[in-house]
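To keep things clear, I will list the structure first and then write my remarks on it.
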Amino acid sequence: MNIEYSYKQPKSLLNKGTGFLTGYSHSLNPYTGCSFGCSYCYVRRMPVSLFRGKDWGSWVDIKQGAAAVLRKELLRARSKGPVTIFMSSSTDPYQPIEHKERITRSLLEVMVEQPPDFLLIQTRSPLVRRDIDLFLQLGDKVRISMTIETDLEPIRKHFSPDAPPIQARLKTLQLLSEAGVSTQAAIAPILPSSEEFPHKLRPLVDRICIDDYFMGDGSSGKRSRQLGIHQWYEQLGLEEWHDPSAYKLVQERMKQVFSEDQIFISQKGFEP
């Protein structure tokens, strides 16, 4: 798919943490739009996508000069109390255009200068490994949450053909972990996976977050129903994986190799 890129001059970057992100003082999105365009992305049913009038995944706005805006906003926010940031809630901060534009890296450089109390980076991109130098400077103030919804590459290709391969994400978790960066695997949303999945994750992370459409799309599954997500499971004959109880199967499998205090469900796993 050809992606339409536009440059925008943001007036602000830090948004108040609300709803699913009430555990954070702010959310931060370096881009608007996301070229990974995953089939199940709840943002497809949010105003940012609906009012655009173009397919989600076909356009991205690049927030030019974002670092200067953040520098001012961070200073103001930190004067009012603790600053905890979730990056990102409606875009991947390491989608392909970040290779060239480096907006996310510029924001991290500002945060190294003026550290927030905590920063969670949510991504599914191996590009995150590029910024290990900055994560190490942030120390225990940062955690990288890598989306790994399944360990089965054919399943990944069915649901999110434009997202990075699973093996590349696992390798990235290994590199982050070896460098001493705090990491977690976000099995979110749950896609069909194998019994070997927990064993593949065990050497790489100390935390697992499990989430599904019913808990995690911010509308009790309403947005996902509007997207017709169940049809994607029906095409594979795996409808049982699209069920409010499916997360319990993954949870039980994870308990074989992770302790209970390392396994988090839905919102709890994304909190600071």
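What follows draws every value from the coordinates through simple rules; no lab data is involved. A quick note: this is a predicted structure, and the numbers were derived from the prediction, not measured. Here the Cβ is made from the backbone with ideal geometry for all residues, glycine too, and neighbour counts use every protein chain on show.
The table below lists the values:
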quantity	calculated
Spin-label pair residue 50/residue 225, simplified geometry with 7 Å Cα→Cβ offset, distance in nm	1.5
Whole-number Å³ per residue for the convex hull built on Cα positions in region 1-58	104
C-alpha long axis of helix 166-179 to longest principal axis of the chain, angle in °	50
Cα-based helix-to-principal-axis angle, 66-78 vs the chain, degrees rounded to 10	90
Reciprocal mean inverse distance between Cα atoms of the chain - Kirkwood radius, Å	18.9
Computed FRET value (nearest 0.05) for residue 243 with residue 162, which takes r as the C-beta separation and R₀ as 41 Å	0.95
DSSP-assigned coil residues among chymotrypsin sites (Phe, Trp or Tyr not before Pro) in region 27-124, each with at most 12 further Cβ atoms within 10 Å	51
Gain in span if fully extended, residue 177 to residue 256, counting 0.36 nm per residue against the direct Cα distance	26.3 nm
Backbone N under 15 Å from the residue 206 label point (7 Å along Cα→Cβ), restricted to region 230-272	258-264
Estimated [θ] at 222 nm from DSSP helical runs (n ≥ 4, -39500 (n - 2.57)) normalised by residues in the chain, nearest 500	-9000 deg cm²/dmol
Rg/Rg_ref, region 144-253, where Rg_ref = 2.2 N^0.38 Å and atoms are Cα	1.06
Whole-angstrom gap from region 27-75 to region 177-218, using each part's C-alpha centre	24
